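Notes to accompany the following structure.
The values are calculated or read from the model by the stated rules, or taken from the named source; none is laboratory data. Predicted, not measured: the structure shown is a model, and the values here were computed from it. Cβ coordinates were reconstructed from backbone atoms using ideal geometry, including for glycine residues, and neighbour counts include every protein chain displayed.
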C-alpha cells in the first residue's frame, strides 16, 4: 500500500482464540533450563465478513542435547476488523495486499496473548515460570509458515 495507514485499536476485535494443538514434554527437574524458541505464523482472511485469522506456531526446545523436553503450541486468533477495506488494496487478480502495520498489530496482539496462555500451560510443569521473550511483530511478518505441498 502506498498510503500511510493509521491503526485504530477500537476497530480491532479479537473475538475467538482456539488452541489447536498443545503438547508438553516436561524437563525432568526444575533448573535453569535454556530453550530455543521457534515461531511461525500464517494469515487468512474473509474480506466479506471483515475477518482475519492469525495462525501462530510456537515451539520451545530444550538446548540440552541430552534432553528431549519441548513444548509445542498452535493457536488460531480470530479478529473482526471494522472497515477492513481501509487496510488493504486489491491487486489485479483481486487478491488483497494488507497494510503491514495492520498485520504487525494483529501479530503483536496474538503473540502477547499466546505468551500468557503458554505461561499458564507451563505453570504445573518443571518449566513453570518460563516467560517467552517479547518479539517484534515486524520481525514476525517474515516468519510466515509455508504449507507443505
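For the reader, a short list of remarks on this structure follows.
- Filtering region 20-28 for residues that are touching a helix residue (DSSP H, G or I) at 6+ places or on another chain (Cβ under 9 Å) and closer than 13 Å to residue 102 by Cα leaves an empty set.
- Checked across region 129-144, the condition of being assigned to a helix (DSSP H, G or I), crowded, with 16+ Cβ neighbours inside 10 Å, modelled with pLDDT under 95 and in contact with a strand residue (DSSP E or B) (Cβ under 7 Å, 6 or more places away or on another chain) holds for at least one residue.
- Scoring residue 27 on the criteria (1) part of a strand (DSSP E or B); (2) surrounded by 14 or more Cβ atoms within 10 Å (Cβ to Cβ) leaves a single failure, condition (1).
- Test set (1) touching a helix residue (DSSP H, G or I) at 6+ places or on another chain (Cβ under 9 Å); (2) closer than 30 Å to residue 10 by Cβ; (3) surrounded by 17 or more Cβ atoms within 10 Å (Cβ to Cβ) - residue 114 fails condition number: (1)
- Matching option when the condition is out of contact with any helix residue (DSSP H, G or I) (no Cβ under 8 Å at 6 or more places or on another chain), surrounded by 15 or more Cβ atoms within 10 Å (Cβ to Cβ), without any contact (Cβ under 8 Å) to a residue 40 or more places away in the chain and outside any helix (DSSP H, G or I), among 93, 59: 59
- Options 54, 7, 39: the member that is touching a helix residue (DSSP H, G or I) at 6+ places or on another chain (Cβ under 6 Å), crowded, with 17+ Cβ neighbours inside 10 Å and not in a helix (DSSP H, G or I): 54
- Near pairs, Cβ below 8 angstrom, 6+ apart or cross-chain, from region 119-140 (under 30 Å from residue 101 (Cα atoms)) to any residue that is at pLDDT below 85 and surrounded by 16 or more Cβ atoms within 10 Å (Cβ to Cβ): 130/33
- Hey, residue 79 outside any helix (DSSP H, G or I), in contact (Cβ under 8 Å) with a residue 60 or more places away in the chain and buried (at least 19 other Cβ atoms within 10 Å of the Cβ) or not: yes
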